[in-house]
Every structure is written in C-alpha cells, then in structure tokens.
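The values are calculated or read from the model by the stated rules, or taken from the named source; none is laboratory data. Just so you know, these numbers come straight off a predicted model, no measurement behind them. Cβ coordinates were reconstructed from backbone atoms using ideal geometry, including for glycine residues, and neighbour counts include every protein chain displayed. In case anyone asks, the SASA skips ligands and DNA or RNA and just uses the protein heavy atoms, side chains included. Shrake-Rupley method; radii C 1.70, N 1.55, O 1.52, S 1.80 Å.
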Amino acid sequence: MTAGPWRLRYEGYDPTEEPLREALCSLGNGYLGSRGAAPECAAGGAHYPGTYLAGVFNRLAETFHGTTVSNESIVNLPNWLVLRFRTPGQDWYSPDEMPPEEYYLELDLRRGILARGLTWVDAEGRRTGVTQRRIVHMRHPHLLALETTFVAENWSGELVVRSALDGRVGNTLVTRYRDLAHHHHDPVRQEEVDSETVLLQVETTQSLVRVAQAARTRVHRNGDRPQVARTLVGDHGWIGHDLTVPVEEGRPVTVEKVVAVHAGGDRAISESAEASVRAVQRAGRFDDLVDSHASRWSALWERFGTELVGTTDSVRQALNLHTFHTLQTVSPNSMDLDVGVPARGLCGEAYRGHIFWDEIFVLPFLDLRLPALSRSLLMYRYRRLDEARHRAAAAGHRGANYPWQSGSDGREETQQLHLNPRSGRWLPDHSSLQRHVNHAVAFNVVHYTQTTGDMDFLRYRGGPMLIEIARFLVSITSYDRSLDRYRIRGVVGPDEFHDRYPGAAEPGLDDNAYTNVMTVWLLKQIRELLEQLPAHHRADLWEELGLSAGELDQWEAVTRKMFVPFHDGGILSQFDGYERLEELDWDGYRRRYDSIQRLDRILEAEGDDVNRYKAAKQADTLMLFYLLSAEDLVEVFARLGYDWDTSQIPRTIEYYAARTSHGSTLSGIVHSWLLARLHREDSWRIFTHALDSDIADTQGGTTAEGIHLGVMAGSLDLLQRGYAGIAIRHDVIWLEPALPAEVDRLAFPLHFRGHRLSVDIEKQTLTVSAPPSHLPAVRVGHHGTVHTLTAGGSVTIELEGHPEVRADADDGDADPWG
Ligand code: BGC
C-alpha cells in the first residue's frame with residue numbers, strides 16, 4: 001500500500017475497501033470537496049460520489065420516534081463526476097458486474113492529482129484499458145476536471161461514453177442517518193448550453209441556495225479533436241451527453257470533462273448558473289489546468305510541509321496525507337468564505353459537516369503557517385457571536401455561549417437523538433452540554449493573538465468574543481457557601497461517555513476539572529491580553545461591551561475561588577464525585593470485544609450504562625496538560641489556593657491513561673503529546689497509531705464517512721508545538737525540542753510576524769534562520785536564554801539532550817514539565 005511518502009496507492013479493485021478509499025482519496029480545495037469515487041458508478045453499494053461546498057448547509061425537520069427533530073447538514077450536491085462507458089452491444093461498464101483485470105487508484109499528494117487505471121474484458125472478449133486523472137483545482141477553486149484515456153487493446157469500433165451531471169442524489173452516506181430525511185435539493189434548471197456543454201442547477205430545499213454545475217466534455221486524439229456524434233441525454237434532475245467515440249486498436253483517445261461549480265452566495269458573480277457557464281467556457285485544457293493546479297500545490301507545500309528524517313516512509317506518507325487533507329478542507333481559498341473548520345473535512349457526511357471544538361487541534365498549527373487563514377476561520381465564530389449571545393440569554397445567562405455543533409448560522413445543531421447502532425435504540429443526545437467549546441474558541445483567539453500580535457483583530461473581533469465568553473463562563477458559576485468556592489454545575493466535559501451521574505434523572509455533571517481550570521486560566525489570560533491594547537482601544541472596547549469594574553472584580557473572584565475536585569491524594573477528578581464511580585473490568589471487555597473504543601455503545605447494548613464507570617472516551621482532565629504549560633498550571637492552582645505541584649502530572653496522566661478507551665481519534669494526539677517528555681517511546685507509539693487513524697481506519701468504518709480533521713492537523717501540531725516545543729510568549733519564539741528517538745531531524749517553515757523562518761532540529765542542534773528582508777529582528781528563546789535573529793541570519797543552539805524521564809522515576813529533581 002505504501003508507494004513512498006508522496007503517494008497513496010491501492011492495487012486491485014475491492015468493493016469492501018471502496019468507501020474508505022473514496023474518503024482518503026477525496027480531493028478538495030477549501031471551497032469544495034469531492035470524494036474519490038468511481039466516475040462510472042452511481043451512489044449505492046460500494047460507491048458514494050459525494051460533492052460538498054464549504055458552508056452550504058440545508059435543514060430538514062420531521063417527527064421521528066415521537067420527537068420533532070431538525071437537522072442541518074452539509075449538502076451532498078449533484079454528482080459532477082459521472083463518466084460511464086460501454087463497448088458495442090454491451091451494458092455500461094461497472095467494476096461490480098465485471099471485475100477489472102487490472103486496477104489501481106493512486107493519489108499524488110504533492111500535486112493533488114488522483115489517478116486511476118483499469119482494464120476490463122467485455123463479454124465478447126474486447127479488452128479495453130482506461131486511465132483517469134482528476135483534480136479539484138487549487139488555484140481556480142470553482143473548477144474540477146476529469147481526464148479519461150481509453151485504449152482499445154484488441155479491437156476497433158465505437159465506444160459510447162456518457163458524460164453527465166446527476167442531481168438525483170441525497171445525503172445517504174451515513175447508514176445511521178438514513179432513516180432520517182435526506183432529500184436536500186431539487187433541480188431548477190437543466191439545459192444544453194452548447195454542443196459540448198451542459199448545465200444543471202439545483203436549489204436547496206430550505207436554505208434556498210442555488211448551486212450550478214456546468215460541464216464541458218471534449219474528445220482528443222493525437223493532438224486532434226476528432227468528430228464524435230453526441231446525443232443529449234437526461235431526465236428530471238440529470239443531464240449529459242452520450243458521445244459515440246470511434247476507437248482504433250492501440251490508439252489512445254482521451255475524453256476531457258471540465259466542470260465549473262458556483263453557489264448563489266459566491267462573491268463577485270451575478271448568478272451561479274451564468275457564472276459556471278462563463279467559467280467552464282474560459283477554462284483551458286486538462287494539462288494546462290493541471291500545471292496551474294500543481295504549481296499552487298507546490299507553493300502550499302513550501303509553506304505547510306514538514307520534513308521528518310529518519311522515520312519510515314509510511315510515517316512520512318501519513319503526515320503528508322494529513323497536511324494534504326487539512327489544506328483540502330481549509331486553504332487560502334477558504335479565506336474569503338464564511339466557513340469554519342468542519343470536524344470531518346469536506347469528504348463525507350459524518351456529523352453532518354458540523355463545526356465542533358476540534359478547531360482547537362487545527363488553528364494553533366495554522367497560526368504558525370498561515371495566520372491569515374486562522375483569522376478568517378475565527379471570523380466564522382465572530383459572525384456568530386450574536387447567535388451565541390442569544391443562546392446564553394435564552395438560558396438566563398450573560399455573555400455568549402457558542403454551540404457544541406455549529407452550522408450555517410451558529411445556532412445549536414447537536415442532534416436531539418442519536419442511534420446506537422449496536423442496540424438499534426435511538427437515545428437522547430446531551431452532548432450539547434459541553435460548554436468547553438467556548439474555551440476552545442477563546443483559546444484559539446488567545447493563541448492567534450499571542451502568535452501574531454494582531455491588535456486590530458483583538459480590538460474589533462477577538463476582544464468582543466473573549467469578553468462575551470468570559471462573561472458567560474462567570475455567569476454559569478454559582479457560589480457555594482459551604483465550600484466558599486465557585487462551581488460550574490450541570491455540564492459535560494470532553495469525555496462524552498459521561499453525561500450524567502449514575503441513575504440521575506437530569507443530565508449534566510458538576511465541576512468538570514477541565515472546564516473549571518480552563519475557565520480560571522482563560523479569565524486571567526483574557527484580562528492580560530486586553531491590557532495589551534492601547535489605552536484608547538481598551539476604553540472603547542470596555543464601553544462598547546459595557547464592561548464595568550464590578551464585573552472585572554467578579555472575574556477576579558472566580559479566578560481566586562473556583563472549585564476544583566481532587567481525589568486519591570492530589571489526582572484531579574474529572575468531575576465532582578468521579579471517585580465514587582466503579583472501576584470497569586477493562587481486561588474482561590477487551591477479551592470479549594474486538595474493539596472497546598465505543599464502550600458507551602457496548603454497555604448500552606448490554607443494558608448497562610457507561611456513566612457508572614471510571615471509563616473515558618477521550619482525554620478530558622488531561623486536556624489541561626495538553627493545552628497549558630506546567631508554569632500556567634502551577635500559577636492557576638496557587639492562585640486558587642490548592643496545594644498542587646507538577647509532581648502530580650505524571651500520576652494524573654497514568655491514572656487517566658489507564659481508564660481511557662480512545663473512542664475519539666483526538667485522544668491519541670493528546671496522550672502522545674503528554675508523553676513526549678515523559679515516556680518518549682510510548683509517545684511515539686501513540687503518535688504513529690494516531691497517524692494510522694484514518695489511513696488504516698482504526699475506528700473500523702468511521703473514516704469512510706469523513707476523515708478526522710482534528711487528528712490530522714493535530715498530528716502536525718504535535719510535531720510543531722509538541723516535539724519541537726514551539727511556544728510564542730511575550731513576542732519570543734521559544735523552542736524546547738524533545739525529538740523522539742526515531743527522528744533524526746525535524747524541519748519546517750514557520751511564519752512569524754511577516755518572516756518566513758526555517759526551523760531545523762537535529763539530535764544535537766537547533767537552528768532557526770530568517771531569509772534576508774527589511775523586517776525587524778525576532779527573538780528566539782531556548783532554556784531561558786533569548787537570542788536575537790536578524791533577517792538574513794540564523795541562530796544555532798546546542799541541545800543538551802533530553803534524557804528520558806519515566807513517570808515512575810523517583811528521581812525528585814527530574815521534572816520533565818518544569
Ligand atoms: C468527539 C468530540 C469531537 C467530535 C467531532 C466526537 O467523537 O468525542 O470530542 O468534537 O467527535 O470530531
């Protein structure tokens with residue numbers, strides 16, 4: 001399967017593998033995404049040719065199991081790929097009816113080209129070879145192109161090729177959702193534009209977005225355009241041309257299909273159908289399109305690539321794949337759009353294309369590579385600030401409460417019911433009690449601002465979000481007189497297995513440690529950050545937001561007296577009362593089930609409830625050690641008056657590591673990061689497992705429904721901020737590398753305050769260089785010493801080496817977190 005670090009190659013046709021391959025080989029450009037499906041096959045069985053536009057959603061409401069449910073989903077748009085073919089007197093070719101003799105699918109990650117080849121022999125012995133290349137254009141985001149070359153290997157005659165646009169599609173990829181309504185658009189216009197171009201326009205049923213596709217199909221042979229007979233074909237919802245292509249034995253003939261896509265909301269257009277026709281008529285030949293597409297990819301790789309020397313091809317391949325999919329989901333093309341970070345990319349329908357807290361795993365990576373992209377993704381949240389305010393107010397709170405799942409307008413999109421496929425039962429979904437999505441939004445604003453120093457953003461966009469989130473968090477605290485502390489009750493933490501106390505009638509848990517500690521840290525950060533604004537800006541912002549001294553005193557009080565639960569002599573409790581839960585028989589469950597990642601479903605199907613046990617789906621309390629430095633935590637706990645020191649960190653990590661099923665791919669990233677300085681071998685092992693999440697579909701079937709963007713971008717961030725140890729503090733780039741033994745060299749570009757720096761870390765040395773420019777010098781720090789790096793110069797630092805420190809070491813002065 002591994003064809004080197006830059007190629008993902010599959011040999012042989014295997015229908016059972018097809019859904020996974022389609023997702024992994026999907027192409028996208030930040031504006032749209034298209035699954036790597038077989039162009040000759042319609043949706044059904046092994047095939048699902050999904051096409052999605054970033055930010056194009058539609059809502060369907062219905063009564064389901066006695067409950068009114070309303071779900072907003074990213075829309076599966078008409079299938080632009082359709083390219084069918086048949087030899088004389090035969091049916092349309094299908095690999096499922098007539099398995100190909102030879103078959104491959106190959107994704108070129110460097111150039112963003114998906115190639116495919118197959119050879120089949122028809123019932124009359126005609127052997128035909130087909131090779132295909134396709135792109136979703138990175139430079140011209142509205143263009144898609146598919147090139148198909150046929151070689152009749154032992155025959156001559158007429159090949160019929162159908163090139164069409166098919167709007168008869170629904171959102172039917174995810175089996176769990178199929179019982180729910182899934183018809184999202186109707187055709188509004190279909191016509192032949194000229195002899196080689198057809199147009200199809202659909203309109204979404206509720207959001208009323210008109211999306212148009214125009215397809216131009218041409219035939220080329222040996223540099224000529226042979227005359228081919230064309231018949232216009234179609235019916236309600238689909239349109240195309242049947243081309244009768246004369247083929248001669250051994251002479252290749254190529255069919256080029258170029259498609260332009262526009263949506264009503266696109267900028268700088270008159271109307272989507274007209275814009276698509278104009279774009280496709282202007283588009284060049286496939287080869288020209290490939291050139292401009294590949295050169296844009298090459299520029300992206302220069303900015304986003306990460307070199308990892310010493311590791312295996314498969315590790316580097318997975319990293320490149322992760323970079324590739326990250327950029328296919330959010331890219332410079334997204335910068336003008338009103339889109340956030342969809343947790344499952346633009347290649348599937350899992351979680352209905354929604355935006356979650358997962359951006360906390362994505363934006364910090366982008367902050368150091370293309371901060372303008374981070375800024376535009378944060379704008380998605382800013383534009384929905386009023387909706388978040390409304391949500392807070394509707395529940396009687398102040399400030400802004402961002403939704404756990406977000407779609408078009410920022411209202412709460414979490415489904416009311418979810419299906420446990422194991423038991424077949426539809427269950428109420430309380431995951432929207434995860435208030436910590438607000439912490440993720442605020443964390444990203446803080447990180448972006450600290451990294452870029454973008455005070456304009458802070459004044460006009462980030463500042464209002466931070467203040468309103470802070471307000472909300474303070475307003476959901478309640479003062480407990482008996483404890484003389486503030487508490488946050490009735491929430492769910494990142495661990496979605498726990499949504500209530502065992503047997504409790506109402507959902508929600510009290511004092512989730514992650515939520516409470518992050519609240520304190522954020523309130524402090526927000527105040528410090530706002531202090532950095534010039535006084536007049538600060539005064540204006542205060543005034544606009546109506547912030548009073550009394551309110552700030554209240555924030556201060558919360559940062560001094562928030563309650564944080566502990567048990568077993570200093571272990572942070574995931575929530576208050578956690579210690580009273582039962583221990584799970586992990587070994588027993590591991591023996592009985594192939595995978596226990598989704599223990600919640602297993603236990604529910606057994607008539608039990610995961611809420612009863614000390615068993616987490618993913619890192620929850622441990623998120624604190626992932627996001628905050630040891631110094632930050634020491635400061636927070638000291639401020640709160642808790643007797644806590646960093647010696648508790650290894651214990652706490654071990655405690656929860658033993659009680660986590662990793663039912664979310666995000667979990668591996670966090671655990672690997674935490675162990676980077678504790679158990680380097682374990683860190684690397686978990687990291688490589690996280691790299692496998694999608695490529696090997698370690699969750700058994702979820703990748704086919706959409707890649708996991710959090711783990712993908714999170715793995716890149718783990719290299720950048722975890723293993724390279726990069727942190728921006730007070731305008732200094734601190735680097736504290738901890739290279740895994742398996743890595744000889746880690747190198748990547750870093751974009752900081754206009755500079756394009758190069759970071760190069762080897763076992764013994766660390767070099768940061770800046771190309772010549774007129775930009776002011778930057779400061780680079782390591783182990784407490786700050787160096788000045790001027791444009792055109794470099795800083796090389798000898799590394800002292802990082803002896804491995806084990807969590808169980810009793811060596812008191814070895815503090816890996818200090
Ligand atoms: C995880 C969440 C995550 C969501 C979307 C869930 O399985 O538990 O933390 O936000 O997937 O990726």
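Couple of notes before you dig in:
- Single residue of the stretch 598-613 satisfying the filter (part of a loop (DSSP other than H, G, I, E, B) and out of contact with any helix residue (DSSP H, G or I) (no Cβ under 9 Å at 6 or more places or on another chain)) that is nearest to Ser661 (Cα to Cα): Arg598
- Test for Leu739: is it out of contact with any Gly (no Cβ under 7 Å at 6 or more places or on another chain), of a type in the set (A, V, I, L, M) and modelled with pLDDT under 95: no
- When every residue of the stretch 430-443 is checked against the conditions, at least one turns out to be of a type in the set (S, T, N, Q), within 16 Å of the ligand (Cβ to nearest atom) and either touching a strand residue (DSSP E or B) at 6+ places or on another chain (Cβ under 7 Å) or in a loop (DSSP other than H, G, I, E, B) (or both).
- When restricted to residues that are under 37 Å from the mean Cα position of the chain (by Cα) and basic (Lys, Arg), the stretch 126-162 contains 4.
- Given (1) without any contact (Cβ under 8 Å) to a residue 24 or more places away in the chain; (2) within 16 Å of the ligand (Cβ to nearest atom), number of the condition Glu349 does not satisfy: (1)
- Residue in the stretch 395-407 that is in contact (Cβ under 8 Å) with a residue 24 or more places away in the chain, within 16 Å of the ligand (Cβ to nearest atom) and among the small types (Gly, Ala, Ser) present: yes
- Selection status of Trp734, aromatic (Phe, Trp, Tyr), open to solvent by 10 Å² or more (accessible area, probe 1.4 Å), away from the ligand (no atom under 15 Å from the Cβ) and not in a helix (DSSP H, G or I): yes
- For the stretch 265-384, the helices (runs of 4 or more DSSP H) that sit wholly inside it and include 2 or more residues that are touching a strand residue (DSSP E or B) at 6+ places or on another chain (Cβ under 9 Å) are 272-282, 286-304, 313-329, 371-383.
- Only residues that are open to solvent by 10 Å² or more (accessible area, probe 1.4 Å) and within 20 Å of Leu143 (Cβ to Cβ) were counted across the stretch 50-78, and they come to 3.
- Single match in Glu22, Glu97, Glu72 (criterion: outside any strand (DSSP E or B), under 19 Å from the mean Cα position of the chain (by Cα) and among the acidic types (Asp, Glu)): Glu22
- Identity of the residue in the stretch 334-346, over 12 Å from the mean Cα position of the chain (by Cα) and modelled with pLDDT of 95 or more, that ends up farthest from the ligand (Cβ to nearest atom): Met335
- With respect to the conditions (1) modelled with pLDDT of 95 or more; (2) of a type outside the set (S, T, N, Q); (3) within 31 Å of the chain's Cα centre (by Cα); (4) open to solvent by less than 40 Å² (accessible area, probe 1.4 Å), Leu180 falls short on a single one, namely (1).
- If you go through the stretch 681-712 and keep only what is more than 16 Å from the ligand (Cβ to nearest atom) and of a type outside the set (Asp, Glu), you end up with Ser683, Trp684, Arg685, Ile686, Phe687, Thr688, His689, Leu691, Ile695, Ala696.
- Within the stretch 486-506, considering residues that are assigned to a loop (DSSP other than H, G, I, E, B) and within 16 Å of the ligand (Cβ to nearest atom), the one nearest to Leu581 (Cα to Cα): His498
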